[in-house]
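Here's the structure we're looking at; comments come further down.
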Amino acid sequence: MIKIYHNPRCSKSREGLNILAESGQDFQIVKYLDLPMEKEEIKEVLSLLGISAEDLIRKNEKVWKENYKDKKLSEDELLEAMQEHPKLIERPIVIRGEKAVIGRPSDKIKDLF
């Protein structure tokens, strides 16, 4: 089963959703702003992506600039920030089995098929 961490207000996330819909494959939509991920789930996603917590953070978000920008944060503190402020998480994230991609650009999602 394919899973997409989706933000309906994000154009890239909507593009990713369209790619999945056009693929004809079954997928699950996770609206992670409505139901924030737990730290363990974020860790699992990071592991599948093969990146650090810092690489998953949207640093242009207002909440990042106002609260975290010039601070030296540990991996755990970054995970807590993403759990508390899910808007900080890059999107969309698409997972299929043991593979995951951040759908920026959207065509990266097609690499999972």
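The values are calculated or read from the model by the stated rules, or taken from the named source; none is laboratory data. For clarity, every value in this text was computed on a predicted model and none was experimentally measured. Cβ coordinates were reconstructed from backbone atoms using ideal geometry, including for glycine residues, and neighbour counts include every protein chain displayed.
Observations
- Looking at 100, 81, just one residue is touching a strand residue (DSSP E or B) at 6+ places or on another chain (Cβ under 9 Å) and assigned to a strand (DSSP E or B), and that residue is 100.
- Each residue in the stretch 1-18 was checked for being under 16 Å from the mean Cα position of the chain (by Cα) and either surrounded by 20 or more Cβ atoms within 10 Å (Cβ to Cβ) or in a loop (DSSP other than H, G, I, E, B) (or both), and 10 pass.
- Candidate set: the stretch 25-62, residues that are assigned to a loop (DSSP other than H, G, I, E, B) and among the charged types (D, E, K, R); chosen: the one nearest to residue 8 (Cα to Cα): 31
- Number of the condition not met by residue 111 [criteria: (1) in a strand (DSSP E or B); (2) over 16 Å from the mean Cα position of the chain (by Cα); (3) not polar (S, T, N, Q)]: (1)
- Unique residue being outside any helix (DSSP H, G or I), more than 25 Å from residue 107 (Cα to Cα) and touching a Lys or Arg at 6+ places or on another chain (Cβ under 9 Å) when the list is 65, 69: 69
- Residue that is modelled with the highest pLDDT [pool: residues in the stretch 90-112 that are surrounded by fewer than 20 Cβ atoms within 10 Å (Cβ to Cβ) and small (Gly, Ala, Ser)]: 97
- When we screen 26, 34 for residues that are free of Cβ contacts under 8 Å to residues at least 12 places away in the same chain and surrounded by fewer than 15 Cβ atoms within 10 Å (Cβ to Cβ), the only hit is 34.
- Annotation for the stretch 79-89: at least one member residue is free of Cβ contacts under 8 Å to residues at least 40 places away in the same chain, among the aliphatic types (A, V, I, L, M) and either under 19 Å from residue 12 (Cα atoms) or surrounded by 15 or more Cβ atoms within 10 Å (Cβ to Cβ) (or both).
- Count - residues of the stretch 62-86 that are at pLDDT below 95 and within 15 Å of the chain's Cα centre (by Cα): 0
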